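Each remark here refers to the structure printed beneath this line.
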Amino acid sequence: MKHIGLWFGTAALVLANCGTPALADNSGYQELPGGCGTGAPPSGQISPGTQDSTGKNCVNATVSASVGGFQPSSSGARMTPITVTTSDSSGPLPTGAVVVVSNTGSNPIYANVNGVAATTSDQLIEAGSWFAFTIPSGVTTLHAIATGGSSTANGVGGSGLPTGAGGGSGGGGGGGGAVTAVSGAYALGSIVDIGTGSSPAANTVNARLATLATNQNSTAAGTSASNAQAVQGVTGGVNIGVACNSGCSAGTPSTVVTNSLASGVVASQVICSASCHLTAWHVAADTTLSSAAYFIFLIPATTDPGNGAPPAGTLCYPQSAGIVAPGASAILETWSSGLVIDVGTGNCTSITESTHAYNIHGDKY
């Protein structure tokens with residue numbers, strides 16, 4: 001009997017141990033104070049694993065997941081439209097973890113789902129665009145504020161990842177109409193009105209192009225234009241003009257052409273009978289005159305002074321024998337007392353006229 005009692009006592013002890021669940025034992029795990037993935041157990045120390053400072057075991061694993069597209073809530077998905085003014089405006093959010101807020105008005109709005117009054121530091125939603133917010137726990141109100149005038153915010157609640165085009169005017173998927181810029185968004189002069197119609201408004205691009213095109217056309221000699229693009233007549237400039245042979249009025253260019261070869265030869269020619277500007281002159285000498293050295297005189301006078309000492313201010317151009325057609329171009333001289341061109345022999349201090357030149361002429365204005 002004593003032996004049997006001992007057997008039953010052993011069985012009772014075993015049953016008692018089996019009825020008590022074994023507790024998890026993390027003894028021996030190496031703690032990583034910086035968090036999982038920031039280190040490894042010390043070299044030579046055997047450890048079944050690592051854990052962070054809260055006692056959670058670290059696991060090296062790859063997790064794959066997919067997020068479905070946005071799906072409106074089965075009820076309460078539509079948000080009551082909010083009229084957004086230039087001060088904080090708010091309204092209740094629809095049902096769902098995500099709300100897609102659309103700006104259906106014509107002015108930009110700034111919105112938040114943080115349960116605080118809206119400012120222009122919040123999320124910008126351009127006119128005709130939208131933005132999706134994940135609604136924080138406990139928040140039930142959308143706050144928004146508009147700039148440049150009132151606008152309207154619509155909303156759809158649901159879950160998942162919203163996709164699609166969110167652009168406003170000129171943006172992705174948006175229209176190509178006029179863009180309403182926020183006041184102060186652009187520096188003065190950074191955007192210029194193109195201008196339309198046959199008479200565009202002053203200072204528009206087309207108005208300035210029209211002015212440029214007008215001044216690129218040849219203007220009448222002696223007239224002025226206010227833009228430097230004008231070919232002639234720039235205000236304050238010197239009128240060069242185009243030469244004409246007859247019918248030229250005062251202040252316009254003219255060319256005085258003397259006898260041709262068929263009309264005979266001369267000794268002098270009056271170029272200017274009054275004050276003028278000389279731009280070029282030319283003399284053609286016959287074989288008699290060019291067979292020896294001769295002289296060309298530009299004399300400040302309105303009539304031929306004849307032989308003798310040239311008047312004060314006379315310019316003398318000695319010519320070597322054999323030179324048939326001397327002249328000077330691209331010069332600009334003012335002859336306030338008139339101008340006569342004379343040819344002769346002798347020297348520069350004494351005129352001895354020689355009637356052996358033809359086609360004496362000067363370009364003047």
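Coordinate-derived values only; no laboratory data. Because the structure is a prediction, the values reported are computed rather than measured. Quick reminder, even Gly has a Cβ in these numbers, built from the backbone with ideal geometry, and neighbours come from all protein chains shown.
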task: For a quick protection proxy, order the peptides 311-318, 66-73 by their average other-Cβ count within 10 Å, most packed first.
output: 311-318, 66-73
query: What number comes out for the charge environment of D342, summing +1 per Lys or Arg and -1 per Asp or Glu over other residues with Cβ under 14 Å away?
result: -2
field: Per residue, the convex hull volume that the Cα atoms of region 265-365 enclose (Å³)
entry: 78
